[in-house]
Amino acid sequence: MKELLPRNNTKRKIIHLDMDAFYASVEMRDNPALAKKALIVGQDPRKANGHGVVATANYVARQYGVHSAMPTMKALRLVPKDKIAFVRPNFEKYRAVSAQIHELMYELTDVVESVALDEAYLDVTKNKLGVYSAVTLATRLQEKIFKKTGLTSSFGVSYNKFLAKMGSEFAKPFGRTIILPEEAEDFLAQQPIEAFPGIGKKTQEQLHSMGIFTGADLQNLDVKFLIERFKRMGYFIAQHAQGIDLRPVNSTRQRKSIGTERTFEPNIFDENIALTTLRKYSENLSKKLKEKNFLAQTLVIKVRNNNFETVTKRSKLTKPTNDAIEIFQTAKELFKSVDNFLTQGIRLLGLSTTDLQTNQYEEISLDLFTTE
Ligand SMILES: [Mg+2]
């Protein structure tokens, strides 16, 4: 009954890269004393009325059975008190490290789909380095990440996303797994059904009750039966069992920022001139955003004084916008935080926006509703 399945494509080269215990590893790197502890990134429940969940646990904590998303109270019960350490998550820091890692990925390809701060798919079928072997590329990437950040990662390489992901899970930490097209069926046959994506707790139980425990068991099942029993999900399980996953790697790379900056000769000492300039920039930015059908999410102001000291300040808007007045309001607030630059004379002033979003709520042309 395999004819019900789509034709496989084994020509692509996909890497799934996943940082090992990411938040915890960053904290241990920055404070090595934590490495000997069962480290839990999350608020200490003793200081939070018993509330909170584990964001990430290091491998020591995992040996005590602690895992992400577990209530911190439970973690506290599992680990001896003299062994446990809590660190509050510092997402700003993790985002900065994530950006460093992504820069290294973009050296290989722009077709990078970020799933989380610490996890991404890369399609390197065509890549910027012209290297044929995805394994060579992934190994180099893993080494470069370690050199640059001091952090370890694991990767899986295969011809589709779900196999690449299974690969990176398979050999953690600091692992590498390569699943070639001709090996996929055997690899999958040996996996427990828990390792397959999309098979949740409930489905696991149902499959177990039918005597299905491994990929081999799934492979032997009739595709039609899986579809009838589990509908759409059954169809995907059947595909996965045969190593089929045709989803593309969707590039999530942020588009370049849009903005304006200008050098002033003579320098600006007058606040009104600075604000008038920012107002013009805001109008200009609004126009460009509307032309390209984007909304601004974060505004960035850049100021340089006569001593060539430069600061950039950014502010995340509560609601994405392309409205000139809203942009100007935020630009003005940002400027107030750096207006001490006026005493030195402002040499350069810039306003830009990053993390652009596609405007999904574009106003519908009224023409649609007018009749002859
Ligand atoms: Mg990870």
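Just so you know, all these numbers are worked out from the coordinates, no wet-lab data involved. Quick caveat: nothing in here was measured; it's all calculated off a predicted structure. Because the Cβ atoms are built from the backbone with ideal geometry, glycine has one as well, and the counts that use them run over all protein chains shown.
The listed peptides 145-155, 47-57, ordered by packing as a protection proxy, come out as 145-155, 47-57 (highest mean of other Cβ atoms within 10 Å first).
What is the percent of Cα-Cα separations in region 189-241 that go past 18 Å? In whole percent, the share of Cα-Cα pairs in region 189-241 beyond 18 Å is 13. Size descriptors for region 1-96 (Cα atoms only): Rg and Dmax, in that order, 18.3, 59 Å. Using a Gaussian network model of the chain whose springs link C-alpha atoms within less than 10 Å, name the residue from 193, 273, 101 with the highest mean-square fluctuation. Fluctuation is largest for 273. Each Lys and Arg contributes +1 and each Asp and Glu -1, all at the Cβ; summed about the Cα centre of region 258-358, the dipole is approximately 260 debye. Compactness check for region 202-329: Cα Rg over 2.2 N^0.38 Å is 2.01. For region 258-358, the relative contact order works out to 46 percent when only alpha carbon pairs closer than 8 Å and six or more residues apart are counted.
Rounded to whole Å and ordered largest first, report the semi-axes of the equivalent ellipsoid of the chain derived from its Cα gyration tensor (root of 5λ).
45, 29, 22
For the cross-link pairs 93/302; 161/288; 37/161; 81/201; 37/148; 36/172, the ones whose C-alpha atoms lie over 28 Å apart are 161/288; 37/161; 81/201. For region 75-172, the calculated P(r), taken from all Cα-Cα distances in 5 Å bins from zero up to the bin holding the longest distance, is 2, 11, 20, 22, 17, 11, 7, 5, 3, 2, 0 percent. Per residue, the average separation of C-alpha pairs within less than 8 Å and at least 6 apart gives the chain a relative contact order of 15 percent.
Contact order, relative form, for region 254-312: 27 percent (alpha carbon pairs under 8 Å, 6 or more residues apart, mean separation divided by residue count).
Adding -39500 (n - 2.57) for every DSSP H run of four residues or longer, then dividing by how many residues the chain holds, sets the calculated 222 nm ellipticity at -11500 deg cm²/dmol.
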